[in-house]
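Worksheet: the structure to be examined is printed underneath.
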Amino acid sequence: MSTGPDHSNAGCLELLHDPEIVLLDEPTIGLDVVAKERIRGFVRERNRERGTTVVLTTHDMSDVERLCERVVVIDHGRLLFDGDLELMRRRFGAETVLVVDLEEPGPPLALPGTRVARVEGPRQWLHFRREQVSAARVVAQVAASARVRDLALQEPAIEDVVRRIYLEGTGR
């Protein structure tokens with residue numbers, strides 16, 4: 001016998017009414033990777049198919065990368081950033097890294113707009129800022145100046161980008 005409404009599925013029932021806006025606070029906290037991906041898939045599908053606006057508050061930067069088109073960073077009520085993820089990376093991102101595996105060890109690749117941070121045998125780590133030189137240009141320069149076995153591009157980690165926003169925005 002029930003004495004009141006059953007709220008165990010309240011969140012699901014609210015979505016049945018096709019809301020225009022859904023607020024999610026840390027929706028994947030404490031979930032395993034399979035459950036996280038199911039939640040993310042549901043959110044993406046809901047947004048794409050029904051145009052539902054989803055406001056996500058989270059500390060899980062992988063949620064931000066996988067779900068958000070627009071990012072708003074707030075610190076103690078103060079707006080530090082409002083824009084898309086690519087703009088956030090360009091404005092606050094650390095350097096992009098091109099990991100180059102040469103056919104054989106050689107001297108550091110001295111290319112315009114890059115700096116070689118490390119050399120280990122045939123592997124070299126070239127750092128560059130995308131606002132100064134494009135990844136395509138760096139790759140073309142590498143291919144034109146050395147015999148390459150493999151390349152890997154490493155973007156700045158989203159956590160590092162957000163950390164820089166907080167440090168620059170708060171003067172710490």
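Where a number appears in this text, it was derived from the coordinates with a stated rule and is not lab data. Since we're looking at a predicted model, the values are computed, not measured. Positions of Cβ are generated from backbone atoms using ideal geometry, with glycine treated the same way; all protein chains shown enter the neighbour counts.
Structural remarks
- Taking Lys and Arg as +1 and Asp and Glu as -1, the other residues whose beta-carbon sits under 12 Å from that of GLY83 total 0.
- Expected 222 nm ellipticity per residue - DSSP helices of 4 or more, -39500 (n - 2.57), all of the chain, to 500: -11000 deg cm²/dmol
- Per-peptide packing, taken as the mean over residues of other Cβ atoms within 10 Å, places 102-109, 122-129 in the sequence 122-129, 102-109 from highest down.
- Listed values (1) 44, 32, 26; (2) 65, 46, 26; (3) 78, 37, 27, entry calculated as Cα extents along the principal axes in Å: (3)
- Amide H to amide H, with H built 1.01 Å from N, PHE81 comes under 5 Å of VAL73, counting only residues 5 or more places away or on other chains.
- Structural descriptor for the chain: relative contact order 19 percent, calculated from alpha carbon pairs under 8 angstrom and at least 6 residues apart.
- Centre-to-centre, using Cα atoms only, the stretch 18-63 and the stretch 90-151 are separated by 36 Å.
- Between ASP60 and any residue 5 or more places off or on another chain, the built amide H atoms are never under 5 Å apart.
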